[in-house]
Amino acid sequence: MSDQRISVFITGNLVDLIPLNSEHINLYAKWENDPYVRLYSRNIIPKTPEDMTRFLEPSEKGTMKEEISFEVWHQKDNKPIGYGEVADIDWYSQIGWLGLVIGEPEYWGQKIGEEVIALMIEYAFSELNFFKLHAGVISANIGSWKCIEKNGFIREAILRNETYVHGKYYDYFIYSLFKDNWVENKKQITQKRKNNKF
């Protein structure tokens, strides 16, 4: 794919986080509809490119955005491979939820998700001055909840038999991370992620 990147907003070691790109709407819709990719994100309603354009629409005048989304751009392969977001933002309480889709399965298991989560945490706490972040993961999605835990999130709750996937109910894990804990443990978390000591 040719380099269709908009200017880099956040840079990492493996990926960059950049603004969503209207030229990639069909790709976003493909990821949302892919049965393998959407399995644990529970996208059970088909999405069209038109549906996906809402991510690019500006907030109504005078209102704060409730979500901030990024395209995940793979540096080496020079292409978009997914997107992440800080969503359900409560600006008054300074709390948000992290979400991530790596839409190209060949990039799973390469620590890319861990890096994207780390970059979004840094952004939420250092630039947005959030107080707390949440994340929610289906218990069967082992890779995702390990990724969350490796970035310092603590499992606060288990909702038993909360999510129905292919004929079976699974627990739903709710995680949180406080800014104070992240600041205190940032170096340790980063080192453990690098050494894979989780």
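Can you give the FRET efficiency for K168 and I95, using 1/(1 + (r/R0)^6), R0 = 30 Å, r = Cβ-Cβ distance, to the nearest 0.05? Efficiency, from the Cβ-Cβ distance: 0.45. Going from the fewest other Cβ atoms within 10 Å to the most, the residues S144, S22 appear in the order S22, S144. Placing a pseudo-label 7 Å from each Cα along the Cα-to-Cβ vector at K111 and F9 gives an inter-label distance of 2.5 nm. If you take all other residues with their beta carbon under 10 Å from the beta carbon of I148, and give Lys and Arg +1 and Asp and Glu -1, the sum is +1. Rounded, prolate or oblate: pick one for segment 100-183, where a ≥ b ≥ c are the square roots of the eigenvalues of its C-alpha gyration tensor, a/c under 1.5 means rounded, and failing that, prolate if a/b is larger than b/c, else oblate. Oblate, since a/c reaches 1.5 and b/c is not below a/b. For the chain, DSSP calls about 90 percent of its internal beta bridges antiparallel. Among the listed pairs K76/K111; K111/K146; K47/K79; K30/K146, a Cα-Cα separation exceeding 19 Å is found for K47/K79; K30/K146.
List the GluC sites (Glu not before Pro) within segment 8-114 that DSSP assigns to loop and that have no more than 16 neighbouring Cβ atoms inside 10 Å.
Here the sparse-neighbourhood loop sites are E60, E66, E67.
Taking the alpha carbon gyration tensor of segment 53-161, multiplying each eigenvalue by 5 and rooting it gives semi-axes of 23, 20, 13 Å, largest first.
Computed over the alpha-carbon atoms, the chain gives an Rg to Rh ratio of 0.94, Rh here being the Kirkwood radius from the mean inverse distance. Of interest is the spacing of the C-alpha centroids, which for segment 28-42 and segment 111-166 amounts to 18 Å.
When each of V137, V183, V101 is scored by the number of other beta-carbon atoms lying within 10 Å, the sequence from fewest to most is V183, V101, V137.
Computed from the coordinates by the stated procedures, all read-outs in this text should not be read as laboratory data. Predicted model, so just to flag it, every value in this text is computed and none were measured. Cβ coordinates were reconstructed from backbone atoms using ideal geometry, including for glycine residues, and neighbour counts include every protein chain displayed.
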